[in-house]
1. Which trypsin sites (Lys or Arg not before Pro) in region 64-163 pass both tests, a DSSP loop state and at most 10 other beta-carbon atoms within 10 Å?
2. For region 164-294, what mean projected area does the convex hull of the alpha carbons give, in nm²?
3. Any chance you could get the radius of gyration and Dmax over the Cα atoms of region 336-398, in Å?
4. Work out how much length residue 371 to residue 183 would gain on full extension: take 0.36 nm times their residue separation and subtract the Cα-Cα distance, in nm to one decimal.
5. Place a label point 7 angstrom from the Cα of residue 326 along the Cα-to-Cβ direction, then list the residues of region 357-382 whose backbone nitrogen is under 20 Å away.
6. Quick one: if you stick a label point 7 Å off each Cα along the C-beta vector at residue 91 and residue 288, how many nm between them?
7. For region 250-288 and region 138-192, what is the separation of their C-alpha centers, rounded to whole Å?
8. What is the calculated FRET efficiency for residue 393 to residue 105, with r their C-beta to C-beta distance and R₀ = 41 Å, to the nearest 0.05?
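The values are calculated or read from the model by the stated rules, or taken from the named source; none is laboratory data. Treat the numbers as computed from the prediction; the structure is a model and nothing was measured. Because the Cβ atoms are built from the backbone with ideal geometry, glycine has one as well, and the counts that use them run over all protein chains shown. Only protein heavy atoms, including side chains, enter the accessible area calculation; ligands, DNA and RNA are left aside. Shrake-Rupley method; radii C 1.70, N 1.55, O 1.52, S 1.80 Å.
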Amino acid sequence: PRPGAAMKRTREEVDATLQIAKLNAAELLPAVHCLGFGPGASGAAAGDFCLLELEPTLCQQLEDGHSLVIRGDKDEQAVLCSKDKTYDLKIADTSNMLLFIPGCKTPDQLKKEDSHCNIIHTEIFGFSNNYWELRRRRPKLKKLKKLLMENPYEGPDSQKEKDSNSSKYTTEDLLDQIQASEEEIMTQLQVLNACEIGGYWRILEFDYEMKLLNHVTRLVDSESWSFSKVPLNTCLQELGPLEPEEMIEHCLKCYGKKYVDEGEVYFELDADKICRATAQMLLQNAVKFNLAEFQEVWQQSVPEGMITSLDQLKGLALVDRHSRPEIISLLKVDDLPEDNQERFNSLFSLREKWTEEDIAPYIQDLCGEKQTIGALLTKYSHSSMQNGVKVYNSRRPIS
């Protein structure tokens, strides 16, 4: 109808239209919406507005006053983030025209009102043939480590700390550049053992981190403390002259669990984390390491009382059981591509055939909420039997 035409429609005309359409008025709500295109309808259809379909949880968050944020640089596919989740934005086309009607009342709302065959004249503000829908996705966190590794923290006396031009990032900077929710970013900062120094998030340079850890483990040994009860205050008093107290405490947080006993703060050191870090220190300077020799040196290098195990190195190092002698090499899962297909391409370029036990630590992080390692392997690889063991190889040629 032309603008304003619907405003002239009478109840008799409505009833006549229902009769032509062979609809029984008794089966319908008594209220009638008469729609007419307003002067602004064409503008709204031209892209001034977007329709966004939300699941009830997100809708409730908006109604409660929380924000949803669209994140991404110009060269990135946009994502939408709530406080704790990340979603892909996808355009969904529909064959049904979607009308923008301000103040439109739903049938449920009309049922609650005392309406007696009234006619509601409504102006259509705009229309669309598509809308944005959201699909839950893994947060894109690889960029976070990349940004922080531009300027790792090497200690307070490092020459780089005196350079005001070195790149540093605040929480706001990271929220602006990383395609993930605030909660997911903060969780990953913990995974990366990052700490806030002077208002900026920093990753400790690995050698400096190991220097701090070495100070702590030597003190534990010299004081004959239990690894399960390392007193914070004594550590700070003894090691304070060597390193900043906040760095000592940060190291204890990274490699231990904090608790309070009789008013005193203690840390229970995690033997697996300390053994793993020691292995990384040994492996990072060697392309390949004789496995038997490595295990001997590794056990000698960890604090007395800690027991090393290859299970501690999942997602950090790869053992080649087919070479003679057997060898071990550094392969960190966080150095691999973030995209599923690229991850599998990278893994199959390193090794043609994998057992599930070997490949699982390198694809575990790709699993979504309802996805399993088995499902990923089925989608991105072929399986076959080799000497009675199931192995997986690429579905596509690897250059």
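1. 74
2. Mean shadow area of the hull around the Cα atoms is 11.3 nm².
3. Cα-based Rg and Dmax for region 336-398 come out at 11.0, 34 Å.
4. 65.5 nm
5. The answer is 357-362.
6. Result for the modelled spin labels: 5.1 nm.
7. Centre-to-centre (Cα) distance: 21 Å.
8. Values: r = 60 Å, r/R0 = 1.46.
Calculated value: 0.10.
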